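Report on the structure given below.
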């Protein structure tokens, strides 16, 4: 072999090693001068490669498992000639198997453990848990490398201090991060303002199929655990969210972006986490298609709400599955969106009562298909409407099918809206009750509204009339918006704690302004 061929071979092997073994800090590579004497240039290229030793601050290439076992130098990461990457674990007592775990006899203790080429650890970049130092820079470097190369980033057990948000920059790739144990904690309680521990920026429009799993997120009352901004298909699984403003934030932040099919599953949200999940729109569009909670999730109600929907946000076909414990007055969903596009969720929710009252939805209407069960009482619908199926119309309005709703309404004026649903026929059981006053009815309402006219109310039965206070009977009508209203001039001056209890069930379906229905 000529000197020219030897040089070319060294360059090729060096480049191959750079492709196989990540040079994290981009140090200068040094070729050990003891590789081969220049006079011995007749060895085959295979023999030369097998004998080659390359050192680069952190990574050393060794001939094979036998040399790996006897290596006694200071390096804690080695690569064998077959391209496998090994990490030295000094405290490991795992029985060696000569396949993925090798006895580190050259170091006197510990094991060499095989690490797949597409997996890296935050410790490879200098992160050090449990020592009180700031790990932000090291973990950010690890995220940069992992997201660029679509690697999985592992986090060994321990507590990591994080002083600034960790950012996965914009791309169609998500980020794969997983705990390597059962007690991995990110402590970012020192972060100022409403920033997130991890912010994942998309890449809207492509399902990334990436996941973050097994991490406990510990912030402060203003922080967010994980913010997904315009990414699609990112999953958060088996994570715990302690003190935060919100655990998982779905955020349509940049112009024309959307965050769809992002989910949390098998996650736990402490009562110190003000909102388990939130939806926020800044400059992006309103779509949060399929983003929510799947599987089983555990929520300890904070006293505010578990789910926060921001202005002009439209989560739809969105999964919502959780076991919820509440011991003070709380809401399950707080919907601040007044858009005609009514959010709707599907799933199974179970509640357990330890005190206080829980309202399923507040501020604005929400549709839900699925099961709701409660252990104990004190759960009211509020503005959550259960139904069997839903259709989104071309104008973004929502048509429910098989809708049912229970409501409780204070009556403080001569005319009060009891239901703002329109576009269908409903059977209604209604009680209006107060001090020395009790009227009960079974009604059929055709709450058309709009282009179909006002609609009508038919009293099927009057089941009770008690009127010792002298207010007289109520009357019912459908207003121009298709809403059921109750009217009585004596109600305006009432101080007798009048309330209406209404149970409403849809018995016939048709589109708002388009009869008959054409769906299902």
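Values quoted throughout were computed directly from the atomic coordinates according to the rules given, and no laboratory measurement underlies them. A quick note: this is a predicted structure, and the numbers were derived from the prediction, not measured. Heads up, the Cβs are rebuilt from the backbone with ideal geometry, glycines too, and the neighbour counts pull from every protein chain shown.
Observations
- Computed from the alpha carbon positions, the gyration tensor of the range 330-410 leads to an equivalent ellipsoid with semi-axes of 23, 14, 10 Å, biggest first.
- Helix 3-20 vs. the chain, principal-axis angle (Cα, 0 to 90°, nearest 10): 30 degrees
- The label-point distance for residue 190 and residue 350, in a model that sets each label 7 Å from Cα toward Cβ, rounds to 4.2 nm.
- Solvent-free Debye calculation, one equal scatterer per alpha-carbon of the range 119-386: log10 I(q)/I(0) at 0.14, 0.16 Å⁻¹ equals -0.90, -1.15.
- Between 0 and 90°, nearest 10: helix 136-149 axis offset from the chain longest Cα axis: 90 degrees
- Between the range 162-239 and the range 93-113, the alpha-carbon centres lie 34 Å apart.
- Two-decimal log10 I(q)/I(0) for the range 136-210, as the Debye equation yields it once each C-alpha is a single scatterer, q = 0.12, 0.14 Å⁻¹: -0.34, -0.46
- Calculated diffusion of the range 122-251, Stokes-Einstein form, Kirkwood radius summed over Cα pairs, 20 °C and 1.002 mPa s, µm²/s: 150 µm²/s
- A simple packing score, the average count of other Cβ atoms within 10 Å per residue, orders the peptides 272-283, 172-183 as 272-283, 172-183, with the highest score first.
- Value of Rg to Rh for the chain (Rh from inverse mean 1/r over Cα pairs, i.e. Kirkwood): 1.17
- Each peptide among 470-481, 412-423 gets the average number of other Cβ atoms lying within 10 Å of its residues, and from highest to lowest they stand as 412-423, 470-481.
- Here is the P(r) of the range 233-385: all C-alpha pair distances, binned every 10 Å from 0, give 13, 46, 35, 6, 0 in whole percents.
- Relative contact order, whole percent, for the chain stands at 6, derived from Cα pairs under 8 Å and 6 or more residues apart.
- Projected area averaged over orientations for the range 89-169, convex hull of C-alpha atoms, nm²: 6.2 nm²
- Packing, as the average of other Cβ atoms within 10 Å across residues, places the peptides 390-397, 264-271, 93-100 in the order 264-271, 390-397, 93-100, highest first.
- Projection of the Cα convex hull of the range 365-450, averaged over all directions and equal to a quarter of that hull's surface, yields 7.6 nm².
- Paramagnetic label zone (point 7 Å from Cα along Cα-to-C-beta, residue 66; backbone N under 19 Å) in the range 111-139: 112
- Value of Rg/Rh across the range 415-509 [Cα atoms, Kirkwood radius]: 0.98
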